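The values are calculated or read from the model by the stated rules, or taken from the named source; none is laboratory data. Please read all numbers here as calculations on a predicted model, not as lab measurements. Using ideal geometry, Cβ is built from the backbone for each residue, glycine included, and neighbour counts are taken over all protein chains shown.
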Amino acid sequence: MSLKLKLKIAIIVMVVNALACATTGDIPVVKQPEEAAKVLSESLISILKKITITEKVTVAIMPFGGPKGKPTTFGKKMADLIQAKLLGYQWILVERNRIDSIIKEKTLITAGVIEEKNFIEIGTIMGADYAITGTTYYGKKALVVAKVIDISTGTVVGMAQVYIDFRDYE
């Protein structure tokens, strides 16, 4: 990756992070990861229901990462919580441990970073039609952003976000 591209990405991440910390706008604010998973899942279910009206699709929920793309312990927990909320609907969910093992096998984690193109490759390997990815931006509140990506086109077809205010978290 060129230095110019890295600089552009760094600036975008800083701006998004600054905006995320400055205001919550219409984004819900919760106090616990479990509540965040519920809020995100409700939005993701709505998005997936619109997509899957006429067909049964396979969905892979990837481990969520930090602003630089590196999967985090918190991100893996969010992916697990969201998967639990998405069970029982008309789509097929790829098993989370299988996703982690494929990531390790394919050594797609270069210096711990997973890029969006890697999610598309992982999703293709697993036969997924859609992937749910997520990023957490930390500031006064943590902003968790989840995206639904169409594996065949690489396009984002929906997004959900929530703030977690950890100040009162026990």
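Restricting to the range 64-80, what's the tally of residues that are out of contact with any Ser or Thr (no Cβ under 8 Å at 6 or more places or on another chain) and under 15 Å from A36 (Cα atoms)? Can you show your working first?
So the first thing to find is which residues in the range 64-80 are out of contact with any Ser or Thr (no Cβ under 8 Å at 6 or more places or on another chain), and the list is 68, 70-71, 73, 76-77, 79-80.
Checking the rest, the ones that are also under 15 Å from A36 (Cα atoms) come to 76-77, 79-80.
Selection size over the range 64-80: 4.
Screening the range 27-61 for residues that are in a helix (DSSP H, G or I) and among the small types (G, A, S) and picking the one that is surrounded by the fewest Cβ atoms within 10 Å (Cβ to Cβ) gives S46.
Here A10 passes the criteria (1) part of a helix (DSSP H, G or I); (2) at pLDDT 70 or above except the one numbered (2).
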